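Novice: To start, I am sharing the structure in question, which I have written as structure tokens.
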Amino acid sequence: MRAAVASGVAGSESDYRALLQSVVEVARAIFAARASSVLLLDEARDELVFEAVAGEGSDSLVGQRMPSGTGIAGWVLVTRQSIVVEDVERDTRFARDLASSTGYVPKGLMAVPLLHEEQALGVLEVLDRPQRAGFSLAEMDLLGLFANQAAIALDLLQRARRAERVLADEEGDVEIVARLAATLDRLEGERREAGLQLLRHLEHLLGEHP
């Protein structure tokens, strides 16, 4: 049963990652951009993590991290505001050193926060789309649709990972009990009786303090 559940969790995570990848692939194609990416907020480490990348950097960026409040992506996450920057070099929020460390420095970008039930989960970026006279309302709406899909996928991915951690913790507890039972089974005579007595006391204690 436990193995089946664990297999289901792993399968779910794979499915959600595939959904995220499809979001960035389609976003890149629709906007004719050089790259698109989804960054997930790792609250425990206060960092943004590249979870899915299409186009430039797709072979090296996934898994890379940066401080959550850094750069334009960090600003979007903190303020929960979408932004269009046609020339990042002229924007004081742009962290060039950080961008250089990823191996890809964009000229312009669009970014939107990924929100789910009032929680900021991460950021969706579309990098180096063709220069246009302006960013239309229709494009903003379209980017918002991609953001909604990515936010749902990120939320499901986080839930799958939390479930996996719980299963791993429970598996560790089961292994401890199994080793204790195996050790007890090898005992004989008074030592076995003492071990059984210890287990009975432990069972009683856990029953009183669930």
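Novice: List the number of the failed condition for residue 68; all other conditions in (1) over 20 Å from residue 33 (Cβ atoms); (2) hydroxyl-bearing (Ser, Thr, Tyr); (3) over 17 Å from the mean Cα position of the chain (by Cα) hold.
Specialist: All conditions are met except number (3).
Novice: With the structure loaded, tell me whether residue 52 is in a loop (DSSP other than H, G, I, E, B) and either of a type in the set (Lys, Arg) or under 19 Å from residue 120 (Cβ atoms) (or both) or whether it fails that test. Even if it seems obvious, please write down each step before you answer.
Specialist: Values: in a loop (DSSP other than H, G, I, E, B): no; either of a type in the set (Lys, Arg) or under 19 Å from residue 120 (Cβ atoms) (or both): yes.
In short, no.
Novice: Just to be sure before I move on: is residue 141 farther than 30 Å from residue 84 by Cβ, part of a helix (DSSP H, G or I), at pLDDT 60 or above and not β-branched (Val, Ile, Thr) in the structure I sent? It would help to see each step written out before you state the result.
Specialist: Details: farther than 30 Å from residue 84 by Cβ: no; part of a helix (DSSP H, G or I): yes; at pLDDT 60 or above: yes; not β-branched (Val, Ile, Thr): yes.
No; evaluated as a whole, the condition is false for this residue.
Novice: I want to confirm something. Restricting to region 28-37 and keeping residues that are assigned to a helix (DSSP H, G or I) and at pLDDT 90 or above, which single residue is nearest to the chain's Cα centre (by Cα)? Write out each step before concluding.
Specialist: Within region 28-37, the subset assigned to a helix (DSSP H, G or I) is 28-30.
Checking the rest, the ones that are also at pLDDT 90 or above come to 28-29.
Values: 28: 20, 29: 23 Å.
Checking each candidate, the answer is 28.
Novice: Tell me which residues, restricted to region 24-52, are surrounded by fewer than 17 Cβ atoms within 10 Å (Cβ to Cβ), in contact with a Leu (Cβ under 9 Å, 6 or more places away or on another chain) and of a type in the set (Asp, Glu).
Specialist: Step one: filter region 24-52 for residues surrounded by fewer than 17 Cβ atoms within 10 Å (Cβ to Cβ), giving 25-26, 29-30, 32, 42-46.
Then keep just the ones that are in contact with a Leu (Cβ under 9 Å, 6 or more places away or on another chain); that gives 30, 42.
Answer for region 24-52, where residues must be surrounded by fewer than 17 Cβ atoms within 10 Å (Cβ to Cβ), in contact with a Leu (Cβ under 9 Å, 6 or more places away or on another chain) and of a type in the set (Asp, Glu): just 42.
Novice: A follow-up question, please. For region 82-98, enumerate the residues that are in contact with a strand residue (DSSP E or B) (Cβ under 7 Å, 6 or more places away or on another chain) and either assigned to a loop (DSSP other than H, G, I, E, B) or more than 14 Å from residue 109 (Cβ to Cβ) (or both).
Specialist: Applying the first criterion (in contact with a strand residue (DSSP E or B) (Cβ under 7 Å, 6 or more places away or on another chain)) to region 82-98 yields 82-85, 88, 91, 98.
Answer for region 82-98, where residues must be in contact with a strand residue (DSSP E or B) (Cβ under 7 Å, 6 or more places away or on another chain) and either assigned to a loop (DSSP other than H, G, I, E, B) or more than 14 Å from residue 109 (Cβ to Cβ) (or both): 82, 91.
Novice: Which condition number does residue 58 fail, the rest of (1) closer than 21 Å to residue 29 by Cα; (2) touching a strand residue (DSSP E or B) at 6+ places or on another chain (Cβ under 7 Å) being met?
Specialist: (2)
The values are calculated or read from the model by the stated rules, or taken from the named source; none is laboratory data. Quantities reported herein were computed from a predicted structural model and do not represent experimental measurements. Note: ideal-geometry Cβ built from the backbone for every residue, glycine included; neighbour counts use all protein chains shown.
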